[in-house]
1. Along the Cα→Cβ direction, 7 angstrom out, place labels at D:T75 and B:V110. What is the inter-label distance in nm?
2. Can you give the FRET efficiency to the nearest 0.05 for B:L17 and A:F55, using r as the Cβ-Cβ distance and R₀ = 56 Å?
3. What shape does chain C have by the C-alpha gyration tensor, where a ≥ b ≥ c are the square roots of the eigenvalues, rounded means a/c under 1.5, and otherwise prolate means a/b greater than b/c and oblate the rest?
4. Output the DSSP H helices from chain C with an along-axis C-alpha extent of no less than 24 Å and a mean Kyte-Doolittle hydropathy no less than -1.0.
5. When a/c reaches 1.5 or more, the comparison of a/b and b/c decides; with that in mind, is chain B rounded, prolate or oblate per its Cα gyration tensor?
6. Once every DSSP H run of n ≥ 4 in chain B is given -39500 (n - 2.57) and the sum is divided by its residues, what mean residue ellipticity at 222 nm do you get, rounded to the nearest 500 deg cm²/dmol?
7. Using alpha-carbon positions, what is the distance between the centroids of the range B:35-51 and the range C:39-72, in Å?
8. So, R0 is 56 Å and r is the distance between the beta-carbons of E:T142 and A:T70; what FRET efficiency does that work out to, to 0.05?
Amino acid sequence: MSLVVFALILWAAGWAINVRIANGPGGTTRAGALAVPIIFGATLLGMWELMVRGFDVPRVILPPPSMIATTFSENLGMLWGDFVQTILKGALTGYLMGCAAAFLVALLVDRYDYLRRGLLPLGNFMAALPIVGTAPILVMWFGFGWQSKAAVVVLMVFFPMLVNTVAGLSDTTNMQRDLMRTYASSWGQTLLKLRLPAALPFIFNGLKVCTTLALVGAIVAEFFGSPTLGLGFRISTSIGQLDLGMVWAAILVAAIFGTLFYGIIAGLEKRLTYWHASQRG
Amino acid sequence: MSEAVAEGTAPRPHRRLPIPPVVPMIVALIALWYVAAVPMNIKEALTQVERDGAVVSPESAVERRDMSNWALVARNPQHIAGSWATARPRLPAPHVVVEELYDSTIGEEVNGRRGLVRSGSLSNRSLVYHGLVTLNATFVGFLIGAVLGVALAIGIVHSRVMDMSVMPWAIVSQTIPIVALAPMIIVVLYSIGVQGLIPKAVISAYLSFFPVVVGMVKGLRAPDGMQLDLMRTYNADARTVLQKLRLPSSVPYLFASLKIAIAASLVGAIVGELPVQRGGLGARMLAGSYYGQTAQIWAALLTAAALAAVLVGLLGWLERKTLARMGMQT
Amino acid sequence: QDEVTLQLKWVTQAQFAGYYVALENGYYDEADLDVTILPGGPDIAPTQVIAGGGADVIVEWMPAALAARENGLPLVNVAQPFKASGMMLTCWGDVGIEEPADLANRTLGVWFFGNEYPFLSWMSQLGIDTDGADENGVEVLKQGFNVDPLLQRQADCISTMTYNEYWQVIDAGVAPEELVTFQYENQGVATLEDGLYVLEDDLEDEAFVDKMARFVDASMQGWKWAEENPEEAAMIVLDYDETGAQTEQHQIRMMEEVAKLTAGTEGALDEADYERTVETLLAGGSDPVITKEPEGAFTHAVTDKALAD
Amino acid sequence: MQSAAAQSAPAPQSAPAVVSARNLFLTFQTADGPVNALSDVTLDISKGDFVSFIGPSGCGKTTLLRCIAALETPTGGKLTVNGMDPDAARKARAYGYVFQAAGLYPWRTIGGNIRLPLEIMGFSKSEQEERVARVLDLVELTGFEKKFPWQLSGGMQQRASIARALAFDADILLMDEPFGALDEIVRDRLNEELLGLWDRTGKTIAFVTHSIPEAVYLSTHIVVMSPRPGRITDVIESPLPRQRPLDIRDSPEFIEVAHRVREGLRAGYEE
Amino acid sequence: MQSAAAQSAPAPQSAPAVVSARNLFLTFQTADGPVNALSDVTLDISKGDFVSFIGPSGCGKTTLLRCIAALETPTGGKLTVNGMDPDAARKARAYGYVFQAAGLYPWRTIGGNIRLPLEIMGFSKSEQEERVARVLDLVELTGFEKKFPWQLSGGMQQRASIARALAFDADILLMDEPFGALDEIVRDRLNEELLGLWDRTGKTIAFVTHSIPEAVYLSTHIVVMSPRPGRITDVIESPLPRQRPLDIRDSPEFIEVAHRVREGLRAGYEE
Ligand SMILES: Nc1ncnc2c1ncn2[C@@H]1O[C@H](COP(=O)(O)OP(=O)(O)OP(=O)(O)O)[C@@H](O)[C@H]1O
Ligand SMILES: Nc1ncnc2c1ncn2[C@@H]1O[C@H](COP(=O)(O)OP(=O)(O)OP(=O)(O)O)[C@@H](O)[C@H]1O
Ligand SMILES: Cc1ncc(C[n+]2csc(CCO)c2C)c(N)n1
Ligand SMILES: [Mg+2]
Ligand SMILES: [Mg+2]
């Protein structure tokens, strides 16, 4: 019980430190912006550890972070293999193919209003097909390897990317378009010099949303059939073996990569859309 | 001087009802679907007719396994129609799915042993029943997720600390494959004696809170400096600003994110139904997969998508009504 | 009435008919028990459910139970309604597989999630590598929930149960002659399936043992009734299936097949079977399922009491 | 009103100073370095004055008005409003503020917008109704209470926003380019109406504008400002009578004052 | 330049008509029913004219300019630009258009924005550099080439947008309230510069404004418009010389013309 009390104290302390940093002069600095979430996360982990121990939660229900860390560090090799299989082969390939395809279709849809009015509602409907239903079908179609995972990811990221890109391409003011008209600019020129740059913030929004979708899609698809490696395989198999440390270690891999991936895209966004009001602060 | 000038061309009113572009798209999609079903199902179809005594080429199933589907179609053109009628198709033909949809809704309720007509209650073999089961969890999860999302957004907008600490972790939380965690969540909730609707709703809520947070943070921050300054000149407190300025101006954002959230909620409910095989569209999809009944999966899938469309449509309708009442045009 | 929560290993189907029959026919009521049956499903681990306190007793396969025991979850077998194993490997006959040695170099579908142990033991006894390291190893696929990998020839062989997936293959139009099957029972690597397990600590409570005894007794009554009335039993199962997915024909046949496995036992664990299972699991080569002889992994206390009444 | 751009102490005065600024400084810290928005601003506004602030873009007019409204805090000097610290005056709801754009809340009707400050300040329902009706009448918008902002023209919206600032009857009115977005004809009419209102109510008005004729036509005092750093270069007291028909703008006195203002502005630029 | 509000046929003329409009009509179909934005507009603009369009908000000034630019199609009447159909003139890149707001692309530097039309029209790299440098110099923005729009003040942005319209050297310049958002002093200076530019280059300029002094100061012809339906009520030919120092605005001729314009505007309102 004392561990639980200690956990609450830890929480209060972490929060107090964060309040001081955030509201103090450090709140606007880069270091502050980094420190606060890290302290928050560390507090959460500490609470988790203490609560699990304090309440004597069975290891096979929820393991403490320390145990997850141990499992993680002891199985780096295996987790690396899972990472390559699920994320590099499945998620990334699917992400690239899905986003690229959505981008090209967006150009088409943007060019031909008829397609826009015909395809978008249809796409909207198809986007509502839950992956847990489509994944077994795609596994049946594309086999047990990473290809089926990539297919699931393509299906998942396609529509959000399409919608964002289409919205972005039309996010120009009348004046900006009229200006191009006064130059008698061709469709391609208008696209290249006006619509694409103007669409960038939206495109990045889509790319960001899709990072997490890609990850989740690739992992989930493995539940419906996979070779004997991959993060989804690892999670599912390890639950069956009651090796919860491994389950969470695999989740940790996904979370680390997901955050990194998101961060990279967000960083790229900062560099390429520096001119946008949202980036100038 | 050139005579070429713009003549007055008032648009003439249309006589015929214009066909919405979706219609030809759907027709094209269905045609494509039929075409795709041929190579997809050809192996199965050939095996099937072979068992019925027909001659197919090549004759060995092992040889066929290693051939491309298109080559098989080319060599057995007389069996193409069989691809639309296999027992366990890889891609069921559209009419098969439609039949299944009819059988598992109206057909089952009217003629089924446990149907509405014979038993007085919805049949657990019908998609109507399972759709309702899923809807229930969706609503509860959506409600929890939306309330949580709005509350979190309000906290984030009002507290710097929350903004700085919670927001990054909200993003991280979305990189965790909840679908993988769903069975464990259900087991954990079992262990504290919670069963039935709530575990599904929890998963639903987990998926739906994030879009609401993101949208509402944007929405609550939508008021510009002038609108906020106006409140300051009235010496309004944070509560009043929230009530009279931030919340009203976030309404369009709220609806935009609610529409995403309800679709996510539905997926969450379905995900939650997979491990606990106790009805719902998720259970239905899995059962279809379990017994290789692809038509059954497709029927459940389409039902789910239609449900999502209806829910999103409902929210859109509510949005238009609300915004119109608030004097905001869409 | 005493409350008992039973967690099944898989979805509601005739594999668990005995329990549903006992519930439906009031055997549990007669034993003064209020039984809740929780169906299982993909990725629901009964061992985890009982560890979390979500159930009093679970239906589980012995390999998974013993592995969990070694992982620190002290499960104890209190009864064994299934005498024989229903697990087998089903292969296409036309790909040239005739005996187990032919499995080398093939693609095999295997259930994981704690159900892979019997397969791994068997392979290691055959000396066939399963993790892709060896040239002549097998390529293992984590098989999903259905028999599509076989039908679509994505795999040469898949795992099936005598009472379930095998018949799905047959129902798909495949003639039995087209298939080659390897029953684990015949390969000498059979492991015990569908036993009833409880937590060791609970057994220290006399009242709990008594409750379990009544539970096992009533359940076995159910099983025996189901064996004798397969059609009615299947219909009872159908009535309890909330997903509405099961079909009459399939469940009746499943019940008939399951009856073959439950025949010849009153529920008490046969120690010889236990020894054989443990041996198989221990003989897992470099990576055995369990590393040392388990102790106290079963008790006859419950069945003795149940059979005495 | 009294001002001193160069002198340090203000001259004694008769009417009580509603706004009193002494050597105000305000520096914004920006990414590109500090910006001196206000530099050594000393100024008194007496009760009943109509003071216009004119000057090129970026000279600190808005900033000064915002300091008076306690929306900005000077980084140096002393500022009192109604004898109090500006923030205390803000909390005492001493002034009404009219922004450059009408800035009506689009989800509220015209009546709802005018009622907004009244709700916040806790007026009773009946009092609210009464005041809304009164100020709507004052700005000639009776009958438009139930309309939404977008159903009104720009000029009507601007009048509604003035009504909103008038509704709770503060003695001071701070107006930041309220007519900047309107066309000349509408602007003329609103100018006339504003003068009438000021005359009837005896409010103290601080008014920011870009337009020389507008400043001259409306004000008792015209404060000319210049940028980099923002400071007061001249304060011109108007010789025009309190009653000003529109065609006073063709009178020699008017043209003379306008000329002085223009010269003052130009001087600020050339420096 | 010649115009006829009431007459149907234009008077004969010496200089060739750059823009010629005969009985133009333009009706917008809106949800609230049709809006007559232009009604029976007949007008000629000769080469080298500086024509201002003035009138209350919504009278169709912008619409008329957009018709000339082929951004809008009249629903009736006849319009030619450089003797061609306006759309052909647009494709021949006959004019530069300056919008009310600067409308610079935020992702391009000032130099990049000015280079935009040159890139589209396929000028060579070296030619681009040379022209950018020249027009930057013309609008006094040399040294700001590498800055982004948001790093410049509103006046500078507006000058950059004029530079952009000048860069490809079209003979016609269409300007829609280009200085509407600027303060008086900056506006004065830009007015002076624009006059100088016009004088030097001999371009034909159509200029929309709200400001009477601006219209009078700049133009050779002032077109007064009135709304509902949008039409031309008067065309005033300026007696002022081509060379106009800023203080011409205090001259009696100027005040006389300004008075006529104001009367014309007011008449349009009262009708
Ligand atoms: N919040 C701020 N942060 C940084 N600089 C600011 C801020 N507000 C104003 N400034 C700067 O302070 C100076 C004065 O600005 P202010 O808005 O008071 O000018 P102004 O006279 O009202 O101009 P305008 O006529 O364009 O409204 C300008 O240089 C402006 O860029
Ligand atoms: N695209 C459009 N659709 C419908 N109505 C329009 C459209 N563009 C302009 N109008 C209407 O046509 C009329 C003339 O508009 P226009 O923009 O030409 O006026 P303006 O003289 O430029 O006014 P301002 O001085 O406010 O810029 C207005 O009543 C306007 O509401
Ligand atoms: C995820 C998962 N995959 C496979 C099985 C295998 N399994 C064990 S018992 C049983 C029923 C036999 O018909 C089946 C299919 C499982 N339990 N969970
Ligand atoms: Mg200002
Ligand atoms: Mg206009």
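The values are calculated or read from the model by the stated rules, or taken from the named source; none is laboratory data. All figures in this text were calculated on a predicted structure; none of them were measured in a lab. Here Cβ is always computed from backbone atoms with ideal geometry, including for glycine, and neighbour counts include all displayed protein chains. These accessible areas exclude ligands, DNA and RNA; they are computed on the full protein's heavy atoms, side chains included. Shrake-Rupley method; radii C 1.70, N 1.55, O 1.52, S 1.80 Å.
1. So the label points at D:T75 and B:V110 sit 8.1 nm apart.
2. Efficiency at R0 = 56 Å is approximately 0.25.
3. oblate
4. Within chain C the helices that satisfy the rule are C:206-228.
5. Details: a/c = 2.31, a/b = 1.47, b/c = 1.58.
In terms of gyration-tensor shape, oblate.
6. -22500 deg cm²/dmol
7. Taking the Cα centre of each part, the range B:35-51 and the range C:39-72 sit 42 Å apart.
8. Rounded to the nearest 0.05, the efficiency is 0.25.
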